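Trainee: I'd like to ask you about the structure that follows.
The values are calculated or read from the model by the stated rules, or taken from the named source; none is laboratory data. Nothing here was measured: the structure is a model prediction, and the numbers come from that model. Please note: Cβ atoms are built from the backbone with ideal geometry, for glycine as well, and neighbour counts cover all protein chains shown.
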Amino acid sequence: MTTIHRTIAVLTLSTKVPALITQVQAIVESVTGNPAFPNAAPLLASITSATAALVATETTAQTKVKGAAQARDQKRAALVTLVHQLKGDVQKAADADPANAEPVILGAGLAVRKPTARTKATFVARRGTVSGVAQLVAKAVASRASYEWQYSTDGKTWTSTPVTLQSRTTIENLTPGTTYTFRYRPVTKAGEGDWSAVTTLVMS
C-alpha cells in the first residue's frame, strides 16, 4: 500500500472575540510582505477592515446596548469567513510547493498537520452477499494478464481456484465461522509473478 503525505494548513480560531482579534492580527502580520503570497494584499486589506469593524462592535457590545451583541456576532462571522478564505490561499500555496509546504504554512501564522492519505489496497477480500462466499479483488498488473488464486485455513496447505483473466474472483462453498487466508499471483507474457502478500477473512 502506497502512502502519500500532504501537509495541511490548520486554522483554529478562538471563540472569544478579544483572542480572535489577536489571532487574526498576528496572521495578517505574518502574511503581509510574505513572498509566498504576492497577491494577498487585497484580501489582507479586507481582513484588516473587518477586524477593525469587529473591534468597534465588540466595544459597543460591552455596554450591553440592545442589538449590539447581534451586530458584533455578524461582524465576527464576516471576519471568520475572510480568514478562512485566506487559509484556502495558504493551502493552495503549500500544495504548489510540496517541498516547502510546512514553512509556507507556518510562515503565514497557521499550524500544520500531516495526515496520511491511504491509497486503495492492492489486494482485498470481502464477504459475499451469500454465506460462504468470498470476493477477492486485486490490482491489475497489465492489460493482458491472468490471475491465479489460492486459499488456505492454516497458511500451509493451499487450495487453488480457477484462473481468471480479470483481477477479481469469487470463491464459494467456504465454511462460515472459519478464518481463511487468500493470495494471488499474476501471470503475464513474462511469466508467473510472485505470490502476493496474504489477506485474511472470517467467513460469515
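Trainee: Search region 131-172 for residues being out of contact with any Ser or Thr (no Cβ under 8 Å at 6 or more places or on another chain) and closer than 14 Å to Val187 by Cβ, and hand back the single one that is surrounded by the most Cβ atoms within 10 Å (Cβ to Cβ).
Mentor: Among those residues, the one meeting the criterion is Ser167.
Trainee: Looking at Ala71, Ala50, which one is small (Gly, Ala, Ser) and at pLDDT 95 or above?
Mentor: Answer to the check: Ala50.
Trainee: If you don't mind, another one. Is at least one residue of region 113-124 of a type in the set (A, V, I, L, M) and at pLDDT 95 or above? Walk me through it before giving the result.
Mentor: Restricting attention to region 113-124, the residues satisfying the condition of being of a type in the set (A, V, I, L, M) are 117, 121, 124.
If we keep only those that are at pLDDT 95 or above too, we end up with none.
Taking every residue of region 113-124 in turn, none turns out to be of a type in the set (A, V, I, L, M) and at pLDDT 95 or above.
Trainee: Going by the conditions given, is Ala93 free of Cβ contacts under 8 Å to residues at least 60 places away in the same chain and outside the structural domain of Lys139 (by TED's automatic domain parsing)? Don't jump to the end; show me each part of the working.
Mentor: Numbers: free of Cβ contacts under 8 Å to residues at least 60 places away in the same chain: yes; outside the structural domain of Lys139 (by TED's automatic domain parsing): yes.
Answer is yes for this residue.
Trainee: Of these, Val104, Val65, Val80, Val90, which one is aliphatic (A, V, I, L, M), more than 30 Å from Ala138 (Cα to Cα) and at pLDDT below 90? If you could, list the steps in order and put the result at the bottom.
Mentor: Working: Val104 fails: at pLDDT below 90; Val80 fails: at pLDDT below 90; Val90 fails: at pLDDT below 90.
Checking each option against the conditions leaves just Val65.
Trainee: Taking interchain pairs and intrachain pairs at least six residues apart, which have beta carbon atoms under 8 angstrom, with the first residue in region 2-16 and closer than 12 Å to Asp95 by Cβ and the second small (Gly, Ala, Ser) and modelled with pLDDT of 80 or more?
Mentor: Taking only residues 6 or more apart or on different chains, the pairs are Arg6/Ala101; Thr7/Ala94; Thr7/Ala101; Ala9/Ala94; Ala9/Ala108; Ala9/Ala111.
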